[in-house]
Amino acid sequence: MNKKIVILHILFTTNNILYSITDLRGNVLFWTSVGSYKQKKTKKITTTSIFLSIKDVKVFLNKYSVRFLFLKLIGFNKHKKIVLKYLKQLYSQIVLIHEKLHLPHNGCKNRKLRRL
């Protein structure tokens, strides 16, 4: 399997960070999460577990000789900058970074109060 371009989806949830690598058609080639590297009696999301999971992604990318990488970041988390920093250090062929937030900016307009 010699893929030239793959998409790395990173889903930031409140308790976990999920990574999945797909080809351009959407077929999942590899997936992992930060929770799988959790040590006992510690928090699930730590900088060491984030670094280990990103290293695992890099091993997959090197194993199948992937040239270019698209990043899709989904969700909101305080560790997003750390993940991006580690990815830029370990893998230099990032072509595009697409960020998608599911946060309302202001929301719908409130109904007028009824006066009697």
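Derivation of every value follows stated rules applied to the coordinates shown; laboratory data play no part. Given the structure is predicted, the values throughout are model-derived calculations rather than measurements. When we count neighbours, we look across all protein chains shown, and the Cβ atoms used for this are built from the backbone with ideal geometry, even at glycine.
Cα centroids of the range 1-80 and the range 91-116: how far apart, whole angstrom?
24 Å
Would you calculate a helix-derived [θ] at 222 nm for the chain, using -39,500 (n - 2.57) for each DSSP H run of n ≥ 4 and dividing by the full residue count, to the nearest 500?
That comes out to -8000 deg cm²/dmol.
Name the residue farthest towards the positive end of the dipole of the range 5-100 from the options T47, L18, L71, assuming +1 on Cβ of Lys and Arg, -1 on Cβ of Asp and Glu, about the Cα centre.
T47
Taking 0.36 nm per intervening residue step and subtracting the Cα-Cα distance, what contour gain separates R111 from L90 on full extension?
Extra length from R111 to L90 when fully extended: 2.5 nm.
Which entries in K3/K44; K4/K81; K38/K80 show an alpha-carbon gap greater than 24 Å?
K3/K44; K4/K81
What relative contact order, as a whole-number percentage, does the chain give when Cα pairs under 8 Å and 6 or more residues apart are counted?
27 percent
Along Cα→Cβ, 7 Å out, is where each label goes; now give me the distance between the ones at F76 and R25 in nm to one decimal.
3.7 nm
Expressed as a whole percent, how much of the Cα-Cα distance distribution for the range 5-100 exceeds 22 Å?
21 percent
Which value in nm describes the separation of the simple spin-label points at N62 and H102, placed 7 Å from the Cα toward the beta carbon?
3.4 nm
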